[in-house]
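Undergrad: I'd like to ask some things about the structure below.
The values are calculated or read from the model by the stated rules, or taken from the named source; none is laboratory data. Everything numeric in this text was worked out from a predicted model, so none of it was measured. We place every Cβ from the backbone using ideal geometry, glycine too, and count neighbours over all the protein chains shown.
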Amino acid sequence: MRHPCLPDTNEFDAPVAFAYNPERGWPGVRAAINSGDKRKAVGIIEEPVRSKGKVMNGLVKRRHDEAMLLLEGRY
């Protein structure tokens, strides 16, 4: 039986994957997850998709994948 305070594997893996790169958004993601608001966390995760002001398609895909990992456990 899983302890009720411990996250599922995907709930742990998604923020770790996100925090590895755009650490500026990490405090907001952490706060949203700790308050139980996964949708807010996803919104923050999906924001950093630019490099030098240009939207990078690879970052859009990566952030979407991290969001789906958190919400749906999709690896």
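Undergrad: Can you tell me which residue within region 17-48, out of those that are among the aliphatic types (A, V, I, L, M) and surrounded by 17 or more Cβ atoms within 10 Å (Cβ to Cβ), is nearest to residue 7 (Cα to Cα)?
TA: 33
Undergrad: So which residues in region 54-75 are exposed (fewer than 13 other Cβ atoms within 10 Å of the Cβ) and either over 12 Å from residue 11 (Cα atoms) or touching a Phe, Trp or Tyr at 6+ places or on another chain (Cβ under 9 Å) (or both)?
TA: 54, 55, 57, 58, 61
Undergrad: For residue 51, are the conditions met, namely being farther than 22 Å from residue 73 by Cβ and surrounded by fewer than 14 Cβ atoms within 10 Å (Cβ to Cβ)?
TA: Answer is yes for this residue.
Undergrad: Here's a follow-up. Does any residue of region 4-25 turn out to be at pLDDT 90 or above and β-branched (Val, Ile, Thr)?
TA: Looking for residues that are at pLDDT 90 or above and β-branched (Val, Ile, Thr), one finds none in region 4-25, hence no.
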